[in-house]
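These notes concern the structure reproduced below.
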Amino acid sequence: RCGGDPTCSTGCFAAFGDDSVTGFMSCILEEKECLQFPKDPKLLGWLDDGDAAPKKMPGFKMESMKGDWVKVYGLDSRYDCFECQQNRFRTEGDGGWRMDTTFRLPRPRGLTKVSVEPPLEPGTFKWPSSTKTPDTSYFQNDLTEEVLVDREEAKPTMHTTGKTFGLTFWENYYIVGQGSDFQFVRYIGHTLQGGYKGAFVLARQDKLGPESLAQVKKIAAEQGLDFSEFCQVKNDACGTVKEGPKGSDIGEFVGDANKYVKFMFGRQEKVPK
């Protein structure tokens, strides 16, 4: 039904997906190839971004990424603007780097109470439920990416790979600027269905202070990016349980992923001008 459109696919998975569906789709699309879908075999693995590669900052140290981060600003509404996003960079026993990521997509279920998951606990990745009843108002997507740090002379700062919505992705990360409490990341990536690109800002807290925000805006301008086009990720409700208005019934979206996309993206907020 989506015909390979990534925005439509995101809407479908957000409205109806869960871990079982993700595993099932991974099996039939990539592992066993039971279901054929539009794909380009030339997109298998990482690619050289050529002239499209952003200019990364020199002298980057991977240790500066270690620990927990909150995504506070994003450029691509399809990937960078989901609510309550957290990233954790850590090392494995063999010294290799991993990035744990969690984000949520709203799923209207006609509930009168909206329970919101708390932040990551120290030494854990899964967000524990803030109530005894699982939160069905959101499709929570947890994934771990393998991170390979590139040499200083390479174009990207690092490249990553993982799997979400049943498809493997490969991404080149470019750290284009950083401060004491933030990292400015641009990326170019793809699945077998096609490519995408974006940018986001990670922070140690759920909001940036005025000085750090001014630095971020300066870096965006130097990169030729219009910061007013970025979204401001909703993090203020994370870790709370609050009363909310009755949501739309999921039946409204059956067979109409684009309608869900409008609902989901309508919740996003642009950076105040």
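Taking the simple approach of a point 7 Å from Cα along Cα-to-Cβ for both LEU43 and VAL149, what is their distance in nm?
Those two pseudo-labels are separated by 3.1 nm.
Once the other residues with Cβ under 12 Å from the Cβ of LYS39 are scored (Lys, Arg +1; Asp, Glu -1), what is the net sum? Could you put the intermediate results ahead of the total?
Working: positive: LYS42; negative: GLU30, GLU33, ASP40.
Around LYS39, the surrounding residues sum to -2.
Residue separation times 0.36 nm, minus the C-alpha to C-alpha distance between ARG98 and ARG204: what's the value? Walk me through the intermediate numbers first.
Values: separation 106, 0.36 × 106 = 38.16 nm, distance 1.78 nm.
Extra length available between ARG98 and ARG204 comes to 36.4 nm.
Working with all protein chains in place, sort ARG186, ARG151 by solvent-accessible area computed with a 1.4 Å probe, largest first.
Details: ARG186 50, ARG151 160 Å².
The most accessible residue leads, giving ARG151, ARG186.
Calculate one ³J(HN,Hα) per residue across segment 267-272 by plugging θ = phi - 60° into the Karplus curve 6.51 cos²θ - 1.76 cosθ + 1.60, and present them in order as whole Hz with x for glycine and proline.
7, 7, 10, 7, 4, x
Using amide H atoms built in the peptide plane, which far-off residues or other-chain residues are under 5 Å from GLU145 H to H?
Placed amide hydrogens put MET99, ASP100, THR101 under 5 Å from GLU145.
Taking R0 as 41 Å, what FRET efficiency do you get between GLN36 and MET62 from their Cβ-Cβ distance, rounded to the nearest 0.05?
Working: r = 39 Å, r/R0 = 0.96.
Efficiency computed from Cβ-Cβ geometry: 0.55.
Would you kindly find the accessible area of VAL147, with a 1.4 Å probe and non-protein molecules such as ligands, DNA and RNA excluded, rounding to the nearest 10 Å²?
10
Which whole-Hz couplings ³J(HN,Hα) result when phi for each residue of segment 53-70 is put into the Karplus expression 6.51 cos²θ - 1.76 cosθ + 1.60, θ = phi - 60°, listed in order with x for Gly and Pro?
Per-residue couplings from phi come out as 5, x, 7, 7, 6, x, x, 5, 10, 4, 4, 5, 8, 4, x, 9, 9, 10 Hz.
In square angstrom, rounded to the nearest 10, how much accessible surface does GLU153 have for a 1.4 Å probe?
140
Testing the spin-label approximation: label points 7 Å from Cα along Cα→Cβ at CYS27 and GLU229. State their distance in nm.
If labels sit at CYS27 and GLU229, their model points lie 4.1 nm apart.
Can you list residues from other chains, or at least 5 along the same chain, whose modelled amide H is less than 5 Å from the amide H of THR164?
Residues meeting the criterion, in which the H sits 1.01 Å from N, are PHE169.
Could you pull the accessible area for SER26 with a 1.4 Å probe, rounded to 10 Å²?
10
The values are calculated or read from the model by the stated rules, or taken from the named source; none is laboratory data. Keep in mind the model is a prediction, meaning the values are calculated, not measured. We place every Cβ from the backbone using ideal geometry, glycine too, and count neighbours over all the protein chains shown. Note: accessible area is taken over every heavy atom of the protein model, side chains too, but ligands, DNA and RNA are not part of it. Shrake-Rupley method; radii C 1.70, N 1.55, O 1.52, S 1.80 Å.
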